[in-house]
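For reference, the structure is listed below as structure tokens.
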Amino acid sequence: LPDAGGELAARLDRLLAASYPAAEPGAAVLVERGGQVILRKGYGMANLELCVPVRPEMVFRIGSITKQLTAMAILRLAAEGKLALDDEVGKLLPGYPSHGRRITLENLLTHTSGIPNYTDFPAWKKIWRERHTPSEIIDSFKDEPLDFAPGERWRYDNSGYVLLGAILEKVTGRPYTDWMAETLLRPLGMTSTVVGDSAAVVPGRVTGYQGTPGHYVNAESLTSANPYADGAFLSTVDDVARWSRGLDAGALVRKDLLERMLTPYRLKDGRSTNYGYGWELWSYEGHRVEEHDGILNGFKAELLRMPDDRLLVVILSNNLDHQPSPAMLAIEIAAMAIGKPLAERKTVHLAPALLDRYAGTYRTEPDVVRVVSREGDRLFTQRAGFPKLEAFPAAENDFFYQGTMDRLRFVTNAAGNVTGLSLDRRYGGVELGVRTGGAVSAEGKGAGSG
């Protein structure tokens, strides 16, 4: 191992070797501190059928880490005066419907536009394996009503970044991939970062998998056209590190625009979203964190920076279902590197009668409901359309989820009745829910309406 922190490198190596066993899908990992490489290594298999191990120079899908590259492209065009961040989408894409609202580029960059996320559409899930042009993707969502008024809420939205790619093409007169390669990637030396059509031969490309030990399958292929400016790039840990160094060098865009990119956007009511332009922004033990993950067929990726500590962690994995996720592993690695390791999360036992107080239905947005239910002496929460998740009690009114940094707490009134919930998320801001009704526990007992 490159030795810029010997004992730390050895501890990280043990952690990663245990996380990515040699005979299973794996990951390429790079850790830098103060400009020095602490660890750069491959773990597990790049291809199970050929028994090819992962090497650190191999190429992975990076999914939504692509978004910060797209966001930087928009900032570059803003610096050149070719557009403004408060320009309305319809000004740059004539004919795009505004639905009677003012939707700006900043709304697209920060996931606050209210435009529905096309990858959530049931119809899209049936046809995503087919090749679609950006215009066809835009046609799939442009006439749908907004989920909320721009700037009033935060909701992750691939549609917004598809629009940003189309706007780049409209403004520059160049294909997205050509402009990105020539103007952004090549000057940084990111020669291994490409849009990877599943049919194209890409030297060093690893195979994507999903499943669990003994039950792995090849992930379904995905064309380069879907996704697009929202998640199309393949890359290596070295190229992602070049991208990070380019940000630190301040050579990519004016300082004021870079600061705007890395400042959490605030909603109209003043609440922070903990999200900038393609960056999740929060703090750990007083240390500033800038990160983003990427999730695509067969792949999970994570880029995490602690800029004040000059710390960088990049994990590119070819196992969609791996736990812990690269995001949580990166947080654990960063915490170890700054000498503030994650505390062991211990659970307490709560009586079923107490858990029944929390069971119920909570409306967090006009169109979003979370159901809290008790099964035996365990508590679960579920948002419609998403898997049911167990909430582990750390205290009487403090719950956590395995594999995340999210914390769940319940709101009570003066009489002690549960009236709502508060979900503190790493990014996207705090989600507040109002209790709207009781639920039924697994035993069939009414949980009451509180």
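Of Leu168, Pro145, Val206, which is farthest towards the positive pole of the chain's charge dipole, taken about the Cα centre with +1 and -1 on the beta-carbons of Lys, Arg and Asp, Glu respectively? So the residue furthest toward the plus end is Pro145. Think of a 1.4 Å ball rolled over the protein heavy atoms: the stretch 22-121 then has 34 Å² of accessible area per residue. Heavy-atom surface analysis with a 1.4 Å probe gives the chain a carbon and sulfur content of 51 percent of its accessible area. Note on Val253: accessible area is roughly 20 Å² with a 1.4 Å probe, heavy atoms of protein only. Backbone phi angles across the stretch 202-217, fed through the Karplus curve with coefficients 6.51, -1.76 and 1.60 (θ = phi - 60°), yield HN-Hα couplings of 10, x, x, 5, 8, 8, x, 10, 9, x, 10, x, x, 9, 7, 9 Hz in residue order; Gly and Pro are listed as x.
Prolate is the label for the stretch 289-414. Its Cα gyration tensor axes, ordered a ≥ b ≥ c, give a/c of at least 1.5 and a/b above b/c. In this Cβ point-charge picture (+1 for Lys and Arg, -1 for Asp and Glu), the chain has a dipole of about 360 debye about its Cα centre. Fully extending the segment from Asp86 to Leu432 would add 121.7 nm, taking 0.36 nm per residue of separation and subtracting the current Cα-Cα distance.
In terms of distances greater than 24 angstrom between alpha carbons, the cross-link table entries Lys67/Lys300; Lys142/Lys388; Lys67/Lys91; Lys340/Lys388 yield Lys142/Lys388; Lys340/Lys388.
Between amide H atoms placed 1.01 Å from N, distances below 5 Å from Met45 occur with Glu24, Gly26, Val54, all of them 5 or more places distant or on a separate chain. Extending 7 Å from Cα along the Cβ direction at Ala251 and again at Lys170 yields two label points whose distance is 3.3 nm. Shape class of the chain from the alpha-carbon gyration tensor: oblate, with a/c at 1.5 or above and b/c at least as large as a/b. Solvent-accessible surface of the stretch 344-387, averaged per residue with a 1.4 angstrom probe and all protein chains in place: 54 square angstrom. A cut-off of 5 Å between modelled amide H atoms, ignoring neighbours fewer than 5 places along the same chain, links Gly276 with Tyr265, Leu281. In sequence order, the stretch 239-244 has phi-based couplings of 5, 4, 5, 4, 4, 4 Hz under the Karplus curve 6.51 cos²θ - 1.76 cosθ + 1.60, θ = phi - 60°, and Gly or Pro positions carry x.
What does the charge dipole of the stretch 126-178 about its Cα centre add up to, to the nearest 20 debye, if the Cβ of each Lys and Arg holds +1 and the Cβ of each Asp and Glu holds -1?
Numbers: 8 positive and 10 negative charges, 32 e Å.
Result for the stretch 126-178 is approximately 160 debye, rounded to the nearest 20.
For the pair the stretch 371-401 and the stretch 246-295, the centres of their Cα atoms are 30 angstrom apart. With the cut-off at 1.5 for a/c, could you classify the stretch 181-255 from its C-alpha gyration tensor as rounded, prolate or oblate? It comes out prolate by the Cα gyration axes. Estimated from helices alone, the mean residue ellipticity of the chain at 222 nm is -7000 deg cm²/dmol (sum of -39500 (n - 2.57) over DSSP H runs with n ≥ 4, per residue). Multiplying the residue separation of Thr412 and Asp143 by 0.36 nm and removing their Cα-Cα distance gives an extension gain of 92.8 nm.
Lys/Arg Cβ at +1, Asp/Glu Cβ at -1, dipole of the chain taken about the Cα centre: which of Ile65, Val194, Val371 is farthest positive-ward? It is Val371.
The values are calculated or read from the model by the stated rules, or taken from the named source; none is laboratory data. Everything numeric in this text was worked out from a predicted model, so none of it was measured. All Cβ positions, even for glycine, are placed from backbone atoms using ideal geometry, and neighbour counts span all protein chains on display. Quick note on the areas: whole protein, heavy atoms, side chains included, nothing else; ligands and nucleic acids left out. Shrake-Rupley method; radii C 1.70, N 1.55, O 1.52, S 1.80 Å.
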